[in-house]
Each structure stands twice: as structure tokens, then as C-alpha cells.
1. Let me confirm something: among 64, 32, which residue is open to solvent by 70 Å² or more (accessible area, probe 1.4 Å) and of a type in the set (Val, Ile, Thr)?
2. Can you find, within region 73-87, the residue that is farthest from the ligand (Cβ to nearest atom) among those that are aliphatic (A, V, I, L, M) and either at pLDDT below 95 or over 9 Å from residue 169 (Cβ atoms) (or both)?
3. In the set 119, 176, 95, which member is under 16 Å from residue 61 (Cα atoms), within 15 Å of the ligand (Cβ to nearest atom) and polar (S, T, N, Q)?
4. Given the conditions (1) within 15 Å of the ligand (Cβ to nearest atom); (2) among the small types (Gly, Ala, Ser); (3) within 19 Å of residue 69 (Cβ to Cβ), report the number of the one that residue 193 does not fulfil.
5. Restricted to region 37-55, and to residues that are in contact (Cβ under 8 Å) with a residue 40 or more places away in the chain and in a helix (DSSP H, G or I), which residue is surrounded by the most Cβ atoms within 10 Å (Cβ to Cβ)?
6. Only residues in region 155-168 that are closer than 17 Å to residue 127 by Cβ count as the first member; pair them with residues that are at pLDDT 95 or above and basic (Lys, Arg), Cβ under 8 angstrom, at least 6 apart or cross-chain, and list the lot.
7. From the list 194, 177, which one is in a helix (DSSP H, G or I) and touching a Pro at 6+ places or on another chain (Cβ under 8 Å)?
Amino acid sequence: MRHYIKAVLHKEEGAEDPQESYDGFMIYGTDVLEYPQRYSDIKEFLAQTDKNKVRATLGLGSPVEILNGVLAGIDIFESDYPLTQASLGHALQIQKIEEGKSECTISDIQLSKLLETKQQHCINLNKEEFKESKEPLVKGCQCYTCKNYNRAYLYHMLEVKEMNANILIAIHNVAQFDLLFSQIRDNVKSIGAFIQDYAQLNCIDK
Ligand SMILES: [Zn+2]
């Protein structure tokens with residue numbers, strides 16, 4: 001596993017077996033790998049570790065990458081995706097999936113392949129089509145930005161290069177990531193069905 005470095009999240013003083021003394025594992029280097037090697041390597045690495053310990057990673061940032069990481073067995077993700085998208089004027093479009101809506105009809109491998117053909121649905125607020133739009137970024141979103149501003153206002157702020165535009169979009173995108181992760185936690189026992197629904201509702205083809 002030359003791509004990965006096991007990092008100690010917490011190490012007890014004087015413990016003899018290093019693996020026993022870890023609270024978990026941090027996986028690095030996933031961003032330099034391509035699909036499907038990225039996830040097969042993660043699974044191979046995790047198979048060697050205690051499944052009761054926390055597994056964290058850097059480098060899987062988009063919702064599609066995160067969902068594929070969840071399928072592989074990752075618990076914690078560090079991602080700057082909401083902020084990098086906001087800096088480009090892109091607002092995430094994540095709708096809540098109804099719990100228990102459907103059962104997963106395909107295998108984990110097919111699900112992983114399906115995710116790789118998808119990308120997160122975002123809107124680019126620099127586009128003129130939003131110039132007159134009185135809609136919030138996402139209908140029903142409870143974030144500060146969606147409660148107080150519409151797409152046309154954010155389009156205008158981006159056009160005049162007002163830096164608050166990116167901050168307001170970042171507030172929305174971070175709220176959307178909170179929704180994504182709360183839904184992953186709520187659906188952890190039927191994660192396959194959730195991911196299948198998520199890909200259908202919140203993603204577009206690459
Ligand atoms: Zn919002």
C-alpha cells in the first residue's frame with residue numbers, strides 16, 4: 001500500500017501494539033489514483049485494519065467521491081469542495097431524499113460504477129439565465145442565504161465582483177453538505193438505496 005500512510009489520530013502512551021493504540025486511520029494519497037483503483041485500494045487497505053476504528057481520508061471531496069468513499073468504508077472526510085465551488089459562483093443543488101423510499105436494486109460494484117458516471121448538480125450563478133430569477137438557490141433550503149436572497153441578487157453581486165457573493169454562496173454550500181452528511185448518517189443501514197436515489201435526484205451525467 002505504497003500510496004497510503006497510516007497516521008495516528010490518537011496514540012496512547014506506552015502502548016505496545018501500534019494498531020491497537022490507534023483510535024483510527026487517516027488515508028492520504030487517494031487523489032492521485034484513478035477510478036476504480038482508488039476505491040479498490042482503499043478497501044484493500046481497510047481490510048487490514050480494525051473495522052471498529054475510525055477511518056478518515058483526505059482527497060475525496062465531491063459528493064460523488066464521498067458517497068463512493070462511504071461505500072468503501074470511510075467514516076470521515078475532509079473536503080474543501082463547498083468552498084471551492086462557492087469561489088467559482090457555483091451553488092450546490094441537493095434535495096432531501098425521503099427515507100425508506102426505495103430499495104437498492106444493484107450491487108455495490110454497480111453502484112460505485114454508476115457514481116463514476118455522475119457529477120453533483122450545481123448551478124453556475126454567473127450565467128445570465130439567473131439575472132431575473134427570484135428563486136432561492138434551493139427551494140426549501142433553510143440556510144441564511146436562501147432565506148434572505150434570491151438567485152438574481154447573487155447573480156448581480158457576482159457581476160459587480162462583490163466579494164460577499166462568494167461568502168453567501170459558501171454559506172449555502174456548507175449547509176448543503178450538512179444535509180448530505182446528516183442524510184448519510186440517517187440512511188447508514190440502507191446506504192445503497194440512499195446512494196441510488198441520491199444519484200438519480202441530485203446528480204447529472206458527466
Ligand atoms: Zn441555501
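1. After applying the criteria, what remains is 32.
2. 74
3. Going through 119, 176, 95 in turn, just one is under 16 Å from residue 61 (Cα atoms), within 15 Å of the ligand (Cβ to nearest atom) and polar (S, T, N, Q): 176.
4. The number of the failed condition is (1).
5. Top of the filtered list is 39.
6. Close Cβ pairs (under 8 Å, with a partner that is at pLDDT 95 or above and basic (Lys, Arg)) amount to 155/127; 155/131; 156/131.
7. It is 177.
The values are calculated or read from the model by the stated rules, or taken from the named source; none is laboratory data. Remember, predicted model here, so these are calculated numbers, not experimental data. Because the Cβ atoms are built from the backbone with ideal geometry, glycine has one as well, and the counts that use them run over all protein chains shown. We work out accessible area using only protein heavy atoms, side chains counted, and drop any ligands, DNA or RNA first. Shrake-Rupley method; radii C 1.70, N 1.55, O 1.52, S 1.80 Å.
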